There are 2 protein chains.
Amino acid sequence: MSSLDLFFNPRSVILIGAAHTEIKFGGIVLRNLLRFGGKVFPVNPKYPELMGLKAYPTVSEIPEQADLAIIMRPAPEVPGILRELKGKVRGLIIISSGFAEIGETALQDEVRGIVKEMGVRMLGPNCMGVYNPHRRFDTFFLPPSRLKRPKRGNAALISQSGALISCLFNALRTSHAGASGAVGYGNAVDINESDLFDHFADDAKTDVVVSYVESVGDGRRFIERAKALSEKKPLLILKAGKGASGQTAASSHTGRLAGRYEVFHSILKRFGIREAVDFEELIDATKALSCQRPSRGSRILIITNGGGLGVLAADECMKQGLEVTNLPGEKRERLKKTFPGFYGINNPVDLTAQVQDRDYLTVLDELKDDFDGFLIIALPNIPGISLELAGLIKGFRETAGKPVVINLSDSSITPKLTALFEKARIPVYLSPERAVRGLRTLLS
Amino acid sequence: MSSLDLFFNPRSVILIGAAHTEIKFGGIVLRNLLRFGGKVFPVNPKYPELMGLKAYPTVSEIPEQADLAIIMRPAPEVPGILRELKGKVRGLIIISSGFAEIGETALQDEVRGIVKEMGVRMLGPNCMGVYNPHRRFDTFFLPPSRLKRPKRGNAALISQSGALISCLFNALRTSHAGASGAVGYGNAVDINESDLFDHFADDAKTDVVVSYVESVGDGRRFIERAKALSEKKPLLILKAGKGASGQTAASSHTGRLAGRYEVFHSILKRFGIREAVDFEELIDATKALSCQRPSRGSRILIITNGGGLGVLAADECMKQGLEVTNLPGEKRERLKKTFPGFYGINNPVDLTAQVQDRDYLTVLDELKDDFDGFLIIALPNIPGISLELAGLIKGFRETAGKPVVINLSDSSITPKLTALFEKARIPVYLSPERAVRGLRTLLS
């Protein structure tokens with residue numbers, strides 16, 4: 001069991017700053033904790049009871065020890081609260097902001113010192129904390145009515161920024177994928193990305209780890225742990241604070257320095273750790289990696305029913321270092337005989353607006369051994385494409401065992417078709433270039 | 001009146017290849033033409049009547065002349081049909097494919113010759129034709145039940161690829177924008193992008209022209225007409241067929257050669273013509289340009305309630321040549337006094353998860369004279385953000401008269417909030433980097 005297991009599977013939690021209403025952050029978190037199986041001790045001197053639970057005026061009046069304390073009171077109160085918690089808990093999540101990110105480094109150093117003395121691990125301050133769908137343990141102060149949580153799944157999300165995690169939640173949910181766990185670690189005074197890499201490297205429920213990083217404290221350890229993790233499962237990193245403006249912004253966000261991006265980038269590349277260039281690529285790659293296992297090769301077959309989208313996809317393949325190789329001559333001749341003369345039997349294969357669902361499968365079956373990855377482009381705004389396409393491609397993917405991604409354009413049947421594909425673990429993208437980048441993630 | 005006006009506002013149309021059912025392309029187009037105010041003469045030897053209209057077995061039996069003929073019969077029949085049409089029509093749209101794009105250059109040359117002899121203008125072959133929402137004139141063979149058309153608006157769409165046009169239709173529709181007209185011109189044997197640039201340059205209903213180009217016949221004329229158009233209104237070009245793979249694909253798509261992209265790119269840049277790097281940027285820039293008029297400057301103010309998204313936006317500004325300049329000292333001090341101490345009063349301004357709608361307006365009002373463009377980032381998954389935000393920002397934009405774009409993350413209120421913003425002509429983007437790129441389009 002990881003040393004951080006306590007933070008994902010606590011048996012009991014003290015919530016300092018619990019509130020009676022979900023208009024307050026302390027009320028949102030308390031409401032979330034009601035769904036979690038363990039004991040909850042809300043602390044608030046103004047109420048004898050909160051949401052049906054006995055409330056305690058101070059920490060000292062709680063009659064027993066607890067695994068975790070979650071602190072949501074204003075920053076200046078935090079040192080005093082920590083002193084009260086001494087000997088009472090085994091771990092801390094400090095959600096409160098108002099520390100190094102706004103220049104209050106002395107206060108942050110004081111907190112660091114007290115936590116060290118207490119001999120416990122601490123997440124934060126200035127953080128979202130933990131979401132563990134397997135235990136319904138959720139310290140995020142975002143009301144579920146506004147932000148739905150993703151279902152259980154295989155992607156672990158680690159982020160300095162709480163905002164990013166909440167965006168990733170949405171991305172997983174809308175792409176029919178799920179989370180194995182999520183952590184917003186904020187200013188990273190104690191627990192940082194490296195600790196979390198180790199935790200999820202050993203977590204059997206996690207197949208891919210997604211990490212948003214602004215700044216890294218101990219660069220050497222970061223690289224070492226990232227490398228160790230990525231030898232076990234795909235690790236995907238989005239680094240923010242790349243230029244001068246972003247670095248200034250990062251420092252006033254979590255109070256850590258962002259460092260030279262070029263160095264960071266070249267080290268990741270050297271160790272074969274995946275890097276997303278921006279938010280959207282992070283979302284797209286997460287989707288791909290949570291659906292399919294990466295494999296090797298660079299030969300891409302593009303099959304389209306819209307010529308223009310095939311051209312754009314071929315352009316992007318070149319940009320991404322993927323090869324749109326020619327069809328083997330004999331098979332090309334066979335396909336030419338099978339299809340009407342106006343189909344374009346090259347790579348991309350252009351099935352034109354006259355396409356029928358089955359045509360895609362005919363091409364895939366003929367060429368499955370000649371390519372390493374497959375990009376299906378379908379504009380479902382013509383009568384020949386139906387919901388059956390999803391079942392046909394699903395069958396192909398299961399037997400071929402190679403990466404397959406889809407670019408669907410919008411149409412009345414697109415939402416249903418997308419759901420069918422994604423439930424079959426075939427990621428759907430809304431632009432040909434994004435689909436190519438998703439496919440590239442699966443081929444390295 | 002443009003010489004191509006006939007193609008957008010015909011009084012009467014002959015449809016060769018009309019069908020009785022919308023499962024066939026000739027039936028879809030006939031159904032579309034029923035909604036158009038002019039006379040329609042369907043030609044089909046098998047039926048005396050089609051969709052309530054008298055049908056003609058051959059062209060020669062149509063008793064009068066017509067403005068346009070639309071041809072949807074197989075390619076080998078086209079030369080014969082054209083000969084029958086001699087003296088009968090003033091313009092031609094050949095939708096049929098099976099010409100130079102599959103190597104049938106001789107057939108295409110034959111068609112070119114006959115059309116020249118006829119002395120009329122021709123769109124196609126291998127094309128979608130025309131959509132003019134102002135006349136409900138629609139030759140697109142995509143059933144409206146599958147692909148909804150955009151409403152009337154100010155964006156003209158010109159594309160070699162029909163697939164791209166249909167994707168742009170969706171993009172306009174989902175972003176609450178509209179089209180002034182759309183043309184898919186396919187193999188461009190006669191009418192090409194340059195002719196269409198001239199047409200829309202003079203079209204009073206068009207404020208922005210969006211052009212998807214794979215290949216250009218007469219490069220000098222293309223640049224000349226593009227330049228002339230872009231001096232009147234924004235022209236946005238997406239060039240496909242950039243690399244070797246894409247160029248091969250382009251040639252088997254519309255049978256024209258794509259040429260050296262580097263040359264194309266540097267000429268566009270020299271003449272200040274906007275270029276989108278990929279499909280998504282085309283969509284995003286179209287949305288921006290159809291909502292707001294471009295202006296000058298490069299100083300960007302970013303206001304966020306999610307620190308991480310602000311950092312990513314600042315990074316992208318730098319990448320795009322935009323400046324995230326410091327707040328003027330005095331105003332910064334004033335804002336610091338106005339807001340709680342944990343708000344980050346820098347650029348990006350970080351209003352944190354404790355934000356209230358009005359805080360955005362407070363910052364904008366204070367700093368409206370110090371910046372050229374404004375990026376609002378809102379994560380609406382916290383209680384302090386409501387639908388009222390749209391009205392507040394709308395008011396600001398109307399008085400400030402400078403570009404304003406929004407990055408909204410997903411939440412239960414995001415769809416409604418997006419609609420409110422976009423109806424107020426403030427474009428909404430789903431990632432911070434896309435929002436920055438949208439803003440950049442409006443600042444050049």
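Tabulated data
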{"item": "Antiparallel DSSP beta bridges within the stretch A:294-441, percent to nearest 5", "result": "10 percent"}
{"item": "Residue order, fewest to most beta carbons within 10 Å, for A:402, A:227", "result": "A:227, A:402"}
{"item": "The stretch B:1-126 - percent relative contact order, Cα under 8 Å, separation 6 or more", "result": "21 percent"}
{"item": "Helical mean residue ellipticity (222 nm; -39500 (n - 2.57) per DSSP H run of 4+; nearest 500) of the protein assembly as shown", "result": "-11500 deg cm²/dmol"}
{"item": "Normalised contact order of the stretch A:147-291, rounded percent, pairs of Cα under 8 Å and 6 or more residues apart", "result": "24 percent"}
{"item": "Rounded Å value of the spacing that divides the Cα centres of the stretch A:400-444 and the stretch B:384-417", "result": "31 Å"}
{"item": "Using a 7 Å Cα-to-Cβ projection, residue A:110 label spacings across copies, nm, ascending", "result": "9.1"}
{"item": "Rounded, prolate or oblate (a/c below 1.5 giving rounded, otherwise prolate when a/b exceeds b/c) for the stretch B:285-444 by Cα gyration tensor", "result": "rounded"}
{"item": "Unit charges on C-beta of K, R, D, E only; dipole of the protein assembly as shown, Debye", "result": "1060 debye"}
{"item": "Mean-position separation - Cα centroids, the stretch A:1-45 and the stretch B:310-361, in angstrom", "result": "32 Å"}
{"item": "Label spacing, shortest first and in nm, from residue A:296 to its equivalents in the remaining copies (7 angstrom along Cα→Cβ)", "result": "5.8"}
{"item": "Cα→Cβ-extended label distance, 7 Å offset, between residue A:444 and residue A:338, nm", "result": "3.2 nm"}
{"item": "Residues residue B:86 and residue A:299, FRET efficiency given R0 of 30 Å [Cβ-Cβ distance, rounded to 0.05]", "result": "0.05"}
{"item": "Within the stretch B:16-64, GluC sites (Glu not before Pro) in DSSP loop having at most 16 other beta-carbon neighbours inside 10 Å", "result": "B:64"}
{"item": "Additional length obtainable on full extension of the chain from residue B:204 to residue B:24, 0.36 nm per residue less Cα span", "result": "61.2 nm"}
{"item": "Pair residue B:370, residue B:244: separation of 7 Å Cα→Cβ label points (nm)", "result": "5.3 nm"}
{"item": "Gyration tensor (Cα) of chain A, equivalent ellipsoid semi-axes in angstrom", "result": "48, 23, 17"}
{"item": "Fraction of antiparallel bridges per DSSP, chain A only, in percent to nearest 5", "result": "15 percent"}
{"item": "Computed E for residue B:425/residue B:136 - FRET, C-beta separation, R0 30 angstrom, nearest 0.05", "result": "0.75"}
{"item": "Gained length - residue A:275 relative to residue A:326, 0.36 nm times residue gap less alpha-carbon distance", "result": "15.4 nm"}
{"item": "Folded to 0 to 90 degrees: helix A:329-338 orientation relative to chain A principal axis, Cα", "result": "80 degrees"}
{"item": "Point-to-point label distance, residue A:394-residue A:77, nm (Cα→Cβ direction, 7 Å offset)", "result": "5.2 nm"}
{"item": "Shape of the stretch A:90-131, Cα gyration tensor, a/c cut at 1.5", "result": "oblate"}
{"item": "Label 7 Å beyond Cα on the Cβ vector: residue A:260 copy-to-copy distances, nm", "result": "3.6"}
{"item": "At R0 = 56 Å, FRET efficiency that the Cβ-Cβ distance of residue A:224 and residue B:218 yields, to 0.05", "result": "0.40"}
{"item": "Nearest residue to the symmetry axis between B and A, taken on chain B by its Cβ, in whole Å", "result": "B:280, 4"}
{"item": "Rounded if a/c under 1.5, otherwise prolate or oblate - the protein assembly as shown, Cα gyration tensor axes", "result": "prolate"}
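Every number in this text was worked out from the coordinates using simple rules, so none of it is lab data. Everything numeric in this text was worked out from a predicted model, so none of it was measured. Positions of Cβ are generated from backbone atoms using ideal geometry, with glycine treated the same way; all protein chains shown enter the neighbour counts.
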